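The values are calculated or read from the model by the stated rules, or taken from the named source; none is laboratory data. Source: prediction; values computed, not measured. Virtual Cβ from ideal backbone geometry, glycine too; neighbours counted across all protein chains shown. We work out accessible area using only protein heavy atoms, side chains counted, and drop any ligands, DNA or RNA first. Shrake-Rupley method; radii C 1.70, N 1.55, O 1.52, S 1.80 Å.
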Amino acid sequence: MKYFFIPGRLYDLSWKELNCVCEKSFQKHEYILKRNRGYFLLDIDLDIQHIFSQLGGFIKYGEMLEGDLSVEKLTNEEKFIFGISSYSSEYSLKDVSQLAQELKKEFSNLNKKSRFILPKDESFLTAAQILQNRILQEGFELAILEDGFGKTIEVQNIDSFSKRDYEKPFVDTQMGVLPIKLARMMINFAKIPKGGVLWDPFCGTGNILLEGMDLGYDVIGSDIDEKSIEGAKKNIEWAKSIFGYSTQSKVLFFDVLNPSPSKIDILKNSSIEGIVCEPYMGEAQRKTLSVGKATSLINRHLSLVEALFVNLNNFGFKKNLRVVVVFPEYKTYKGWMSAETSKINFKNTKLLKEEGLHWSRRDSIIRRLIFIFEYNFR
Ligand SMILES: C[S@@+](CC[C@H](N)C(=O)[O-])C[C@H]1O[C@@H](n2cnc3c(N)ncnc32)[C@H](O)[C@@H]1O
């Protein structure tokens with residue numbers, strides 16, 4: 001069976017995420033994954049519903065329809081609603097609208113009563129439009145792709161993400177908070193085995209921890225800020241009560257620059273299988289930075305990452321552990337500045353992709369670069 005996956009706006013991050021989740025879940029010979037302009041195709045004979053439920057960087061997925069488009073392939077219902085989205089350069093919004101009219105006429109000729117929902121500004125329906133109009137419950141969405149036609153199976157559970165994003169009890173407006181879907185993508189990059197333990201050594205208010213629990217991992221968070229530690233604990237208790245997570249969690253004080261032996265023992269005995277974090281990147285920035293300020297923030301961040309890897313080497317952590325880290329890039333009067341690649345080099349550690357993967361918001365002063373390391377304790 002061929003499935004299409006529609007990524008969010010961060011195509012490269014989503015591509016990496018889907019690869020990591022497939023590599024973790026399936027044997028190499030079981031699937032073929034291909035990228036196309038604007039979407040990805042997965043050829044696999046296994047049930048993939050659980051793959052989609054793990055992803056943070058995807059809007060929807062569905063199955064490709066074999067052969068030509070025919071009304072029978074779309075629905076057996078007598079009365080229904082339908083939507084159409086185009087991810088093909090050959091179908092504009094106008095073509096989508098025309099196809100919808102034609103299909104409605106064909107349905108009507110078969111005595112089927114239908115109404116359709118069209119995309120607004122772009123040529124495709126968003127997850128919110130599909131959910132609000134109950135398109136998948138009361139009908140179907142047809143997807144037009146470069147490779148043919150597809151039928152949507154599921155869209156992203158935006159309700160669950162926005163609950164964790166906006167309704168958790170503790171937020172720190174002074175501190176940069178990692179966007180929840182990016183947190184989930186980063187956890188997926190770590191390829192932690194099912195039921196494994198995730199550690200965020202700079203947990204702040206715990207976005208990575210919440211996503212880790214949502215993915216079924218046991219989590220450990222640590223930080224030096226007592227307010228954040230208490231906040232993360234509160235957020236975890238709230239998330240457990242709302243989402244019913246049953247995985248284990250622990251949040252503790254731990255200074256990566258000055259690690260206490262008792263805390264090291266706790267961490268060492270916790271069977272950590274993956275580390276995902278966003279080390280401190282400075283207070284929230286609103287204006288373009290001077291080169292001096294950016295340099296000092298970059299160096300401070302780098303010293304935290306270095307300390308983390310020194311700790312790993314000193315503790316004697318598990319072999320082949322993935323460490324996924326956000327690095328900052330600052331907008332300065334002399335252009336964008338980030339750590340020199342030659343400095344992103346730590347003992348017993350391999351950087352999997354030199355350039356890092358970009359995450360940014362339009363008009364932002366800080367961009368995030370995601371680096372994936374493979375740490376091998378010798
Ligand atoms: C960017 S915030 C993390 C945000 C977090 N990912 C979230 O979404 O809430 C960085 C955190 O690093 C912590 N931190 C700074 N220096 C530290 C150190 N030496 N050891 C451990 N944590 C530290 C800060 O207190 C802060 O909470």
Residue satisfying all of: in segment 252-273; in contact (Cβ under 8 Å) with a residue 40 or more places away in the chain and away from the ligand (no atom under 15 Å from the Cβ); farthest from the chain's Cα centre (by Cα) among these: 268
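Are there strands (runs of 3 or more DSSP E) fully within segment 260-340 with at least 2 residues that are surrounded by 15 or more Cβ atoms within 10 Å (Cβ to Cβ)? List them.
272-277, 321-332
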Single residue of segment 312-331 satisfying the filter (at pLDDT below 95 and within 16 Å of the ligand (Cβ to nearest atom)) that is nearest to residue 201 (Cα to Cα): 312
Segment 365-376: number of residues that are more than 15 Å from residue 340 (Cα to Cα) and either without any contact (Cβ under 8 Å) to a residue 12 or more places away in the chain or touching a helix residue (DSSP H, G or I) at 6+ places or on another chain (Cβ under 7 Å) (or both): 2
Members of segment 128-178 found to be open to solvent by less than 60 Å² (accessible area, probe 1.4 Å), closer than 22 Å to residue 103 by Cα and not in a strand (DSSP E or B), listed by number: 129, 130, 133, 135, 136
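Taking the options 24, 34, name whichever one is touching an Asp or Glu at 6+ places or on another chain (Cβ under 9 Å) and surrounded by fewer than 16 Cβ atoms within 10 Å (Cβ to Cβ).
On the way: 24 fails: touching an Asp or Glu at 6+ places or on another chain (Cβ under 9 Å).
Exactly one of 24, 34 is touching an Asp or Glu at 6+ places or on another chain (Cβ under 9 Å) and surrounded by fewer than 16 Cβ atoms within 10 Å (Cβ to Cβ), namely 34.
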Residue 298 within 23 Å of residue 209 (Cα to Cα), touching a strand residue (DSSP E or B) at 6+ places or on another chain (Cβ under 7 Å) and within 16 Å of the ligand (Cβ to nearest atom): no
Among (1) out of contact with any Ser or Thr (no Cβ under 7 Å at 6 or more places or on another chain); (2) part of a helix (DSSP H, G or I) - the single one residue 120 does not satisfy: (2)
Some residue of segment 229-251 being open to solvent by 10 Å² or more (accessible area, probe 1.4 Å), out of contact with any Cys (no Cβ under 7 Å at 6 or more places or on another chain) and within 9 Å of the ligand (Cβ to nearest atom): no
The listed residue being outside any strand (DSSP E or B) and over 23 Å from residue 154 (Cα atoms), out of 68, 95: 95
Criterion violated by residue 237 - all others in (1) touching a helix residue (DSSP H, G or I) at 6+ places or on another chain (Cβ under 9 Å); (2) outside any strand (DSSP E or B) satisfied: (1)
Where residue 202 falls short, out of the listed (1) out of contact with any helix residue (DSSP H, G or I) (no Cβ under 6 Å at 6 or more places or on another chain); (2) surrounded by fewer than 17 Cβ atoms within 10 Å (Cβ to Cβ): (2)
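Within segment 67-87, restricting attention to residues that are polar (S, T, N, Q), under 14 Å from residue 142 (Cβ atoms) and at pLDDT below 95, which residue is nearest to the chain's Cα centre (by Cα)?
75
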Selection status of residue 126, modelled with pLDDT under 95 and β-branched (Val, Ile, Thr): no
Matching residues in segment 341-357 - criterion: being in a strand (DSSP E or B) and under 22 Å from residue 11 (Cα atoms): 351, 357
